[in-house]
Amino acid sequence: MVDPFDSNGRSGDEPLSVGLAQIRVEPGAVAENVDRAVAAVETAASRGVDLVALPELFTVGYFEFDLYERHAEPLEGPTLSRLGEAAVEHGVAVLSGSVVEDLTATSTAPKPADEGLSNTAVLFDSSGERVLVYRKHHLFGYESAESELLVAGERLETADIGGVTVGVTTCYDLRFPELYRRLVDAGVELVLVPSAWPYPRVEHWETLSRARAIENQCYVATINGSGTFDDATLLGRSTVYDPWGVVRASSGDDPELVTAEVDPDAVETVRTEFPALRDRRL
């Protein structure tokens, strides 16, 4: 077995073991990046993880805007199919990070437009069933072509993974707390945030992620990539924050599998002992 990180049965009463696969994302090297992702799923399963999550646009690389259209694929396409098969083979839930979706070709799920491209994350359960689709809502416009190239998502779904209610947002979404309030209202206990967050905004990455955990009294797990592009370097630092905003596990900027346990009872305890959400006025 190839381990890409150099340096299953469980009951609903047990914590959920989550693995954040901070793989190296090589610009434009789709086949190699997908191989790394599949190897990461295998490695995470061998380490007892129940749910493994991949970074944003790990296939082509977020900053390779000129390659988006060439490597776009539908929800039924080869990358997502391969990750769904890996979930079945290794008995783990898999968040696909995100891929560039060809909305024109997608035929098996509601979509925000009949044509165009989206930044799309798919969550598979351990049986390979597609239980959640999330298309990035907030498209980055600052020195980025994302807002010009992609169609924003509209739907906000949750899924039950091992007794934990899971939601997904993507990277830039961290700057928009209203989205997370909607997830709280939907009962979310863990938010997975696949990302391609670059240097130098380390403080923003850490502060915004911790704030989303504290204010919503839930787990927030941020999954970043590792790698360098022509104009950007990913800062890594994939992290699991608990409902108090305490770091439970984190990485540096090199490839690594970050693991931590997510306990839904801890969410309930925090929300009971410090019931800030009950005092909401908006």
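Summary table below
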item	result
Failed item in (1) within 29 Å of ARG24 (Cβ to Cβ); (2) buried (at least 24 other Cβ atoms within 10 Å of the Cβ); (3) out of contact with any strand residue (DSSP E or B) (no Cβ under 6 Å at 6 or more places or on another chain); (4) of a type outside the set (Ser, Thr, Tyr), with GLN217 passing the rest	(1)
Where PHE124 falls short, out of the listed (1) touching a helix residue (DSSP H, G or I) at 6+ places or on another chain (Cβ under 7 Å); (2) modelled with pLDDT under 95; (3) among the aromatic types (Phe, Trp, Tyr)	(2)
Failed condition for ARG210, given (1) in a helix (DSSP H, G or I); (2) of a type outside the set (A, V, I, L, M, F, W, C); (3) crowded, with 18+ Cβ neighbours inside 10 Å; (4) in contact with a helix residue (DSSP H, G or I) (Cβ under 7 Å, 6 or more places away or on another chain)	(4)
Where VAL88 falls short, out of the listed (1) more than 23 Å from SER127 (Cα to Cα); (2) out of contact with any strand residue (DSSP E or B) (no Cβ under 6 Å at 6 or more places or on another chain)	(1)
Output for region 239-251, where each listed residue is surrounded by fewer than 21 Cβ atoms within 10 Å (Cβ to Cβ) and either modelled with pLDDT under 95 or in contact with an Asp or Glu (Cβ under 8 Å, 6 or more places away or on another chain) (or both)	ARG248
Condition broken by GLY236, with the remaining ones in (1) modelled with pLDDT of 95 or more; (2) assigned to a loop (DSSP other than H, G, I, E, B); (3) over 30 Å from ALA39 (Cα atoms) satisfied	(3)
Candidate set: region 124-162, residues that are among the polar types (S, T, N, Q) and closer than 16 Å to VAL94 by Cα; chosen: the one surrounded by the fewest Cβ atoms within 10 Å (Cβ to Cβ)	SER127
Checklist (1) modelled with pLDDT of 95 or more; (2) in contact with a helix residue (DSSP H, G or I) (Cβ under 7 Å, 6 or more places away or on another chain) applied to ASP35, failing item	(2)
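Per-residue answers, yes or no, for (1) modelled with pLDDT of 95 or more; (2) under 18 Å from LEU57 (Cα atoms):
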position	(1), (2)
ALA109	no, no
VAL131	yes, no
PHE140	no, yes
LEU150	yes, yes
GLU154	yes, no
THR158	yes, no
THR165	yes, no
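The values are calculated or read from the model by the stated rules, or taken from the named source; none is laboratory data. Small disclaimer: the values here were computed from a predicted structure and weren't measured. Glycine also receives a Cβ, built like all others from the backbone with ideal geometry; neighbour counts cover every protein chain displayed.
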